[in-house]
Structures are given as C-alpha cells and as structure tokens.
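Comments concern the structure below.
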Amino acid sequence: MIEICNLFKAYGRQSLFRGLHLTIEKGSVTAMIGPSGSGKSTLLRCMNGLETFQGGCISVDGQKLYGINERAYHKKQKSLAVKNIRRKMGMVFQQFNLFPHMTVLHNITAAPVSVLGIDPSEAESDALSLLRKIHLGEKAQKYPGQLSGGEQQRVAIARALAMRPEAMLFDEPTSSLDPEMVEEVLLVVRGLVLEGMTTVIATHEMGFARDVSTQVVFLEKGEIVEQGSPKEIFFNPKNDRTKAFLSRFMK
Amino acid sequence: MRRFHDWLIFMAMQHNPFNIRSIVVLLVCLLVLYFSQINAFASRDTLEKIKNSGVITWGFDAEGGAPYVYHDPAHPSKLIGFEVELVEAIARELGVKVQYFQNAWDSVLLSLLRGDFDIALNGIEITPERTQSVLFTRPYYVYAEQIVVRASDNRINHLEDLHGKKVGVLYNTVAKRMLEEMGDVVVSVYSGQVEPFKDLSLNRIDAVFVDLPIAAYYTLPNPQLRMVGNPVGEGYYGIALRKEDSALAEELNKIIEKLLRTGELKKIYRRWGLWNLSQEKLFLHEGLLQKYTESLPSFSEKAPIAVTRFLPTLLKGTVVTIGISLLSMILAVVLGLILAIMRLYGNAWMQKISEAYVEIYRGTPLLIQLYILYYGLPNVGISLSAFAAAILGLGMNYAAYEAEIYRAGIQAVPRGQTEAALSLGMSGYMTLRRIILPQALHITIPPMTNDFIALFKDSSLVSVIAITELTKSYSMLAAASMDFFKLGIITALLYFGMSYPLSLYARRLEKRLRSYDRNL
Ligand SMILES: Nc1ncnc2c1ncn2[C@@H]1O[C@H](COP(=O)(O)OP(=O)(O)OP(=O)(O)O)[C@@H](O)[C@H]1O
Ligand SMILES: [Mg+2]
C-alpha cells in the first residue's frame, strides 16, 4: 500500500535518509524501532506530507509525493497528492495534539464535518460510538485539559479514525504517558490491528512490537539496518548493530 | 516648590491609570497640585525682579507662527516676527535683556499665572474673560478679522456671505466666536495657522477668517488666495501680566506710549506690512479701551461658570473620539491580522513588505504620519477628508503594533496543533481559522486591550488635522474659561468612562475564551 523509493532527506547540511527503500503491504503492521534520533518520526511525517524531502518518491495507493529536487515536482499536483494521502492515512502523535479549545466531541467531529462534509448530527453519533468503543463515552463534553494523558491519546486515536482512514501512522503514541496509562492506549491500537487496519507504528515498546507486528524495521542514523518478521528480528538478529540495540533494550 | 510639583506630576504619571486605586492617587495628586498652585503664584514684585536680574522673561509660542514670532526659514535657529522686535524694543527701554520662554499658546496664560515667565505677549486678544484672570497693559496693536478666499471664488464678498459655508478659524479667537454667533456657519477649528490656508487651497474649506496680520502674511505672497471685504470686528492685542503686577503694567504702558510717540512702533509695524489707519487708535487714552472691553459680547457671566454649560461641547467631543477610535480599531485589527499572516505564511517578498510596514510605522511618530496623510498626500493628487485621514492614520499606525501582537500570539500556539489539523486533512486556511486563531486570540487579548486603551487617548492627536475631539474640546473650553481644573477632571472622567468598560469587557472575554483551561 505504501511504497518508499530511494528517499533522500536532509536538514540543512545534515543528511538523514540517503536512499531509503521500504514497502508496506495492505493489512500489515509495521513496527519501527531504533534509537532516539534515528529518523522514525521524520519518516512517518514524510509519509503524511508533513515534511518535505529532497529526493525519491513516496507512493500511497498510487498517490505520489516526489522530492522537492525531482523534475517531476509540480506544485498543484503535489498539493492534490498530499490531500489524498492525508485522507487515506490518519496520524497519532506523541504529544496527542488535541485541540484544547474544543470539547472532546468537537475534536472528533470537526474534520469529518468540515473536510468530508459529513452531516454534523451523523458525525456526532459516529463520534459517540467511537468514544464508547474506547470507553470514553461519558467524556464527550469535557475539554482535553480535563482528561488524563492516556484518555487524551485515546481521543486522539478516535479523532484520526473518525476520518475513516485506510491506514494509521502512530508516532510513539505511548512515550509521553505515565507507565500505568500505556496499556490502555496499546489496547486500543491492538484492537485496531485485529480489525485489519494497515498500521505503521514507531515505538520503544518492544514487547508490543514483537506481539502485534507482521514486520519490524530497525532504523539507525536514517538507515534501515535490518528488517524482517518479528521472530527474525527479536530472536535471531543478523546485524551486530541490531543485536547491540536490542540487548540494550531487552535488559 | 517647583521641585515638589514635578515630583507630583511624575508620581501621577508613574501609575497605570487603569485601576481604581491609581485613579484615586491621580485625583489626590491633582488636588494637591491645584491648591499648591494658588500659593505658587508669584507674589514678589516682578518689576523689581526684572530690574535686579537684568532679564525679562517673555512667554510666547513660536508654533503659532508668522508674523508674530516664528523661526526664520533662512536661519531656523533664530526667532523673528514683529513681536520679537517689539519685545526687544521694550527690553531696551527697560535696560534689560530678553529671555525667551517657549510655551504652547493654549496654556500661555496659565503658565504666566504659574510664574513661568514675566510677560505673555503673543497676539493675545484683550477679552472680558481674560481680564478676569490676568492684567493687560494698554494695547500694542489693533487687529481686525479678515476673510480670505480662493482667488477664483466669487461667491464670498462679505461676512454675511459666510452663512452656510465651511470656514476655517484659529481656536479661541474672536473670529471663531463671531462665526459661531452667526449660527449656521460650519466652523473648522485649527490650532496651527498654516493649515487653514492649506485646506483653503485644497478646496477643503470655503474661506478662512483670521486676524488681519495672519491673513496678510499668508495671502499676499500667494496668488491663489485673496482677501475680501473690509476687516471686521476690531480688537486689541495687549501684554498679559499677573494681576498683582500693576507696577510692571504702569512701566510697560509708559514704554508703549513712548514707542508710539517716537514712531518706533510704527517703524516696526511698517516693516511687517502691518501698519494701517486703525493703529492710530493706539494713541487714544485708556478710557476708550475700558469702554471697548465692556462693549464686547461676553459669554461668561461674573458668576462661576456652571459645568453643565460645557457638557454639551465635551460630549460632542466624546462622540467624535469614540467614533474615530472604534473605526480605527477595526482597521487596525483587520490590517494587523493581514500583516501578521503575510509575515508568517507569505512568500519571501510578502514577508519583506509586512516587516517593512511594521518597522516604518512603529519607527516614525504618529503625528508626522497624520501630517503626511492629510497635508502631504494632496501633493500627489490624493485629498482625504479630515475624518478619513484621522481613521487611516490611527488605524494604519496601530495595525503595525497589532501585527506584532498577532504574530507573537500565533507563534505561541504549539506547532503540533498545525500538524494535527493538517494530518486530519484540513486545509492551511481552515487550520488557521479553526485551530490556530482561536487559540492565539486569548493570548493576544491583554496586549490588544492595552493598545486600544492607548488608542482612545492617542486619538487626541488627530486634532492637528482640524478634528475637534474630546481633548481638543477640553483645551478650547479650558483656555477660554481658564478653568483647567474642573474641566480637566470631567474630561479625564469621560476618557475613563470610555476605557474602563473596555478593560472590563476584555477581562470577561479573556476568561470566557480560556474556560477550557483546567487551571481556571
Ligand atoms: N526540524 C528539524 N531540524 C533539524 N534537524 C531535525 C529536525 N527534526 C529532526 N531533526 C533531526 O533529524 C534526526 C531524526 O529525528 P527524528 O525526530 O525523526 O528521530 P526519532 O527517531 O523520531 O527520535 P525519537 O525516538 O527521539 O523520537 C535527528 O538527528 C534530529 O536531530
Ligand atoms: Mg520521534
């Protein structure tokens, strides 16, 4: 479903990706692991058009984003592709990024109503059933500031799901949560995976990555060092750098 | 004593005037000032002081202009004018030197009473109201009011022709009062004397009605303008002194008489093209002056003036102030927002334009911007009405400040908010309108409130382009009645009545907008 070809990305003179390739199948669950600063967030943000890149191509169901240095780059075409790609993929951030001036319900309905043009009352009943699914039905009229971190992140997931995406990108969804709230969020993600949602998740939760993913990608310094099934990566890593990283983590 | 006053004024200004406690402090300071002023009125003998020190201090306003006292265009550091020559002649007779004391014309008599200088001599007309508070010498010049029109305009030939016309006058002059008594003349009041002639040339007004010396000075060299009809409403300029300085008055009267008899006065006036037959009246004895003074129409009874008589004028000024402030606020908000968005989201040269706009408008005085808009633009063919120029001037100036406030407010919204909105498929515009601006708004309300309260007060600057708003109404009434205190308190209260509700409203709005914050 997602095809990344020969991706080049640099921040100023500091280059990060130097010809990265990655394929993500429909219905797969891809876990991205790697040390801090390895480029997990950047890769996810490139996929969603939140970040531009210098070279290569990212293709989502035939919608193509090109590097800004490519000849094929065309402003109008690009903004259309970005729009379509964002409709196909929802994104959940480490910092939740709920809109603090809107109620929980409004957070969820705002985009479906104004972007997709869904009837407000229909959007509201959709939102309420989403909220009930994540056991937050009674918080609909609360403001994000009145919710715990775990609750906020679950609302953020519901907000992305309300756009009825075909794939979900998670950027370390539990990294800024207190330990006791991590599980309630992972439970929601697990539920999505079981429903067959195409999922890409950058995470430091190795146990979770091992249990739910169909493919694990180990990134270091902007480079895919090793990739394969969770069994291969976690129980039989081939590369020394992967071994070193995992041994540090599995302690 | 002076030190103490300065300290009081300083204390009064140190306080942010927009909470009740500061208002009380301010009022107390003003009261103390008021009562201490009474003692401050110089009680020693001024004539003796002048002779002992060898210096006579002369209060005047060079901004008032030619041909009285003004800066020589060829040597701008030098003051010239027929009154300069007159005062120098008087000083020579007294055997002393002249010390110049520049003072705004509106408050020249007030400063005289405060003891800032010994004599006030600056085209000050002898009027019954003024003789109540100061002592006048015998007149040194007989003036009359002169009508000036455009050379091409044949409609106006006499005073009566001014009915229904728009006429420029200087404020607190006999000419202004004469027109007001005619009832249906649209009077446009100016504080500088260049401006009415400019507006006359620009077709903004139909005629100018001013003291003859001024009319002659500006009309004779300008072929576009001409004087029509005979001078009307003769009156006298006198030297104003403090009431108790009768000894000085006597001495000055003798000197004026001497200058008249020796023909020196005539020589000075001739040099300035000001001598005419009317000036022969200067030779008449004082009894005639007495009769003249009494015959003048008096709008102030001997009884203390009731405040209610001033209220209509002050309220009219208040309405103008509110109108100008509100409209320029709206302009400032809209333009400021556009500038902020250009700066943050525009392409390279939109950013440059916005940046340059802010720097230029913040870095130059509002007063000069107003002058350029109103008197400068006609040079390139754009002639704005005074009201439009006032709103544009204030609005465009404040837009620069608002732009910076909005920019800071928008930047204070975390980047993640934009990313979340974009990832949900919202367009850039929708993100700005639905997500960013609502959150930026509550951050910007306190500084915006500050600015708008400042704007209420800054709106008084537009009086330089012939708009009579509240401060102008106040200074005109106060200069006429010499009641700076009571009127000042009333005017201050009127301003407070405008800005305090704004503060209250802003506070409530801010609270409401932040209601989502758990901490409140
Ligand atoms: N806006 C930026 N400007 C410059 N450099 C950046 C920027 N954003 C990220 N980087 C750099 O790019 C590299 C990859 O960052 P990224 O946030 O993608 O890492 P990550 O794998 O998500 O790390 P973490 O686990 O800490 O979230 C880092 O070295 C970072 O310093
Ligand atoms: Mg990251």
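Within segment B:357-376, the set of residues being surrounded by fewer than 16 Cβ atoms within 10 Å (Cβ to Cβ) and either hydrophobic (A, V, I, L, M, F, W, C) or farther than 14 Å from B:LEU202 by Cα (or both) comprises B:GLU359, B:ILE360, B:ARG362, B:GLY363, B:THR364, B:PRO365, B:LEU367, B:ILE368, B:ILE372. If you go through segment B:141-189 and keep only what is of a type in the set (Ser, Thr, Tyr) and in contact with a strand residue (DSSP E or B) (Cβ under 6 Å, 6 or more places away or on another chain), you end up with B:TYR141, B:TYR143, B:TYR171, B:SER188. For segment A:133-179, a residue qualifies if it is closer than 21 Å to A:VAL113 by Cβ and within 16 Å of ligand 2 (Cβ to nearest atom), and exactly one does: A:ALA156.
Listed conditions (1) over 21 Å from the mean Cα position of the chain (by Cα); (2) part of a helix (DSSP H, G or I); (3) within 13 Å of chain B (Cβ to nearest Cβ) are all met by A:ALA111, apart from (1).
Out of all the residues in segment B:395-410, is one or more within 24 Å of A:MET47 (Cβ to Cβ), of a type in the set (Ser, Thr, Tyr) and either open to solvent by less than 40 Å² (accessible area, probe 1.4 Å) or facing chain A (nearest Cβ under 10 Å) (or both)? Looking through segment B:395-410, none of the residues is within 24 Å of A:MET47 (Cβ to Cβ), of a type in the set (Ser, Thr, Tyr) and either open to solvent by less than 40 Å² (accessible area, probe 1.4 Å) or facing chain A (nearest Cβ under 10 Å) (or both).
Within segment A:4-18, restricting attention to residues that are near ligand 1 (Cβ under 8 Å from one of its atoms), part of a strand (DSSP E or B) and loosely packed, with under 14 Cβ neighbours inside 10 Å, the residue that is nearest to the chain's Cα centre (by Cα) is A:TYR11.
Answer yes or no: is there a residue in segment A:66-84 that is in a helix (DSSP H, G or I), open to solvent by 20 Å² or more (accessible area, probe 1.4 Å) and within 16 Å of ligand 2 (Cβ to nearest atom). No, segment A:66-84 contains no residue that is in a helix (DSSP H, G or I), open to solvent by 20 Å² or more (accessible area, probe 1.4 Å) and within 16 Å of ligand 2 (Cβ to nearest atom). Remark: pairs (first residue in segment B:441-452, farther than 17 Å from B:ILE410 by Cβ; second residue open to solvent by less than 30 Å² (accessible area, probe 1.4 Å) and assigned to a helix (DSSP H, G or I); Cβ separation under 7 Å; 6+ apart in sequence or on different chains) = B:THR449/B:SER503; B:THR449/B:ALA506; B:PHE452/B:MET329. Please go through segment A:163-194 and pick out each residue that is more than 16 Å from ligand 1 (Cβ to nearest atom), outside any helix (DSSP H, G or I) and under 16 Å from A:MET91 (Cβ atoms). Once the filter is applied, which keeps residues that are more than 16 Å from ligand 1 (Cβ to nearest atom), outside any helix (DSSP H, G or I) and under 16 Å from A:MET91 (Cβ atoms), segment A:163-194 yields A:MET163, A:ARG164, A:PRO165, A:GLU166, A:ALA167, A:MET168.
The residue that is most open to solvent (accessible area, probe 1.4 Å), counting only those in segment B:411-432 that are among the aliphatic types (A, V, I, L, M) and more than 7 Å from chain A (Cβ to nearest Cβ), is B:ALA412. Note on segment B:71-180: no enclosed strands (runs of 3 or more DSSP E) hold 3 or more residues that are aliphatic (A, V, I, L, M) and surrounded by fewer than 18 Cβ atoms within 10 Å (Cβ to Cβ). Would it be correct to say that A:SER41 is within 16 Å of ligand 1 (Cβ to nearest atom), of a type in the set (Gly, Ala, Ser), within 24 Å of A:MET168 (Cβ to Cβ) and surrounded by fewer than 20 Cβ atoms within 10 Å (Cβ to Cβ)? So A:SER41 fits the description; yes. Just to be sure before I move on: is A:HIS135 assigned to a loop (DSSP other than H, G, I, E, B) and either crowded, with 22+ Cβ neighbours inside 10 Å or free of Cβ contacts under 8 Å to residues at least 60 places away in the same chain (or both) in the structure I sent? The answer is yes for A:HIS135. Just a yes or no: is a residue in segment B:432-455 outside any helix (DSSP H, G or I), within 30 Å of the chain's Cα centre (by Cα), farther than 30 Å from A:LEU161 by Cβ and among the small types (Gly, Ala, Ser)? No; the residues of segment B:432-455 include none that is outside any helix (DSSP H, G or I), within 30 Å of the chain's Cα centre (by Cα), farther than 30 Å from A:LEU161 by Cβ and among the small types (Gly, Ala, Ser).
Got at least one residue in segment A:197-209 being away from ligand 1 (no atom under 16 Å from the Cβ) and over 23 Å from A:GLU3 (Cα atoms)? For segment A:197-209, residues away from ligand 1 (no atom under 16 Å from the Cβ) and over 23 Å from A:GLU3 (Cα atoms): present.
Looking at segment A:19-27, is at least one residue within 22 Å of A:GLY207 (Cα to Cα), more than 16 Å from ligand 2 (Cβ to nearest atom), crowded, with 18+ Cβ neighbours inside 10 Å and not hydroxyl-bearing (Ser, Thr, Tyr)? Within segment A:19-27 (the criterion being within 22 Å of A:GLY207 (Cα to Cα), more than 16 Å from ligand 2 (Cβ to nearest atom), crowded, with 18+ Cβ neighbours inside 10 Å and not hydroxyl-bearing (Ser, Thr, Tyr)), the answer is yes, since at least one residue qualifies. Within segment A:32-50, not a single residue is away from ligand 2 (no atom under 14 Å from the Cβ), part of a strand (DSSP E or B) and farther than 24 Å from A:LYS243 by Cβ. Here A:THR199, A:THR242 are screened, and the one residue that is out of contact with any Lys or Arg (no Cβ under 9 Å at 6 or more places or on another chain), surrounded by 17 or more Cβ atoms within 10 Å (Cβ to Cβ), hydroxyl-bearing (Ser, Thr, Tyr) and in a helix (DSSP H, G or I) is A:THR242.
The condition of being at pLDDT 90 or above and at the interface with chain B (Cβ under 9 Å from one of its Cβ atoms) holds for only one of A:LYS88, A:LYS83, that being A:LYS83. If you go through segment B:238-253 and keep only what is farther than 14 Å from B:PHE117 by Cα, touching a residue at least 24 places away in the same chain (Cβ under 8 Å) and not in a loop (DSSP other than H, G, I, E, B), you end up with B:SER246, B:ALA247, B:ALA249, B:GLU251, B:LEU252, B:ASN253.
Yes/no per residue for (1) closer than 30 Å to B:TYR70 by Cα; (2) modelled with pLDDT of 90 or more; (3) surrounded by 13 or more Cβ atoms within 10 Å (Cβ to Cβ):
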residue	(1), (2), (3)
B:PHE299	no, no, yes
B:PHE310	no, no, yes
B:LYS316	no, no, yes
B:ILE324	no, yes, yes
B:ILE330	no, yes, no
B:MET350	no, yes, yes
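If you take the residues in segment A:207-222 that are within 16 Å of ligand 2 (Cβ to nearest atom) and more than 15 Å from A:PRO173 (Cβ to Cβ), which one is surrounded by the fewest Cβ atoms within 10 Å (Cβ to Cβ)? Taking the candidates together, the pick is A:LYS221.
Scanning segment A:9-55 for residues that are away from every other protein chain (no Cβ under 14 Å), over 13 Å from A:ILE224 (Cα atoms) and touching a Phe, Trp or Tyr at 6+ places or on another chain (Cβ under 9 Å) yields A:LYS9, A:ALA10, A:SER15, A:PHE53, A:GLN54, A:GLY55. Only residues that are within 11 Å of chain B (Cβ to nearest Cβ) and either within 16 Å of ligand 1 (Cβ to nearest atom) or under 14 Å from the mean Cα position of the chain (by Cα) (or both): list them for segment A:145-160, please. Passing the criteria: A:ALA156, A:ARG159, A:ALA160.
When A:SER121, A:SER59 are screened for being away from every other protein chain (no Cβ under 14 Å) and in a helix (DSSP H, G or I), only A:SER121 passes.
Starting from residues that are of a type outside the set (A, V, I, L, M, F, W, C), part of a loop (DSSP other than H, G, I, E, B) and touching a residue at least 60 places away in the same chain (Cβ under 8 Å), keep the ones in segment B:194-214 and report whichever is surrounded by the fewest Cβ atoms within 10 Å (Cβ to Cβ). Ranking the candidates gives B:ASN203 first.
The values are calculated or read from the model by the stated rules, or taken from the named source; none is laboratory data. What you are looking at is a predicted structure, and each value in this text was computed from that prediction instead of being measured. Backbone-built Cβ (ideal geometry, glycine too); neighbour counts: all protein chains shown. We work out accessible area using only protein heavy atoms, side chains counted, and drop any ligands, DNA or RNA first. Shrake-Rupley method; radii C 1.70, N 1.55, O 1.52, S 1.80 Å.
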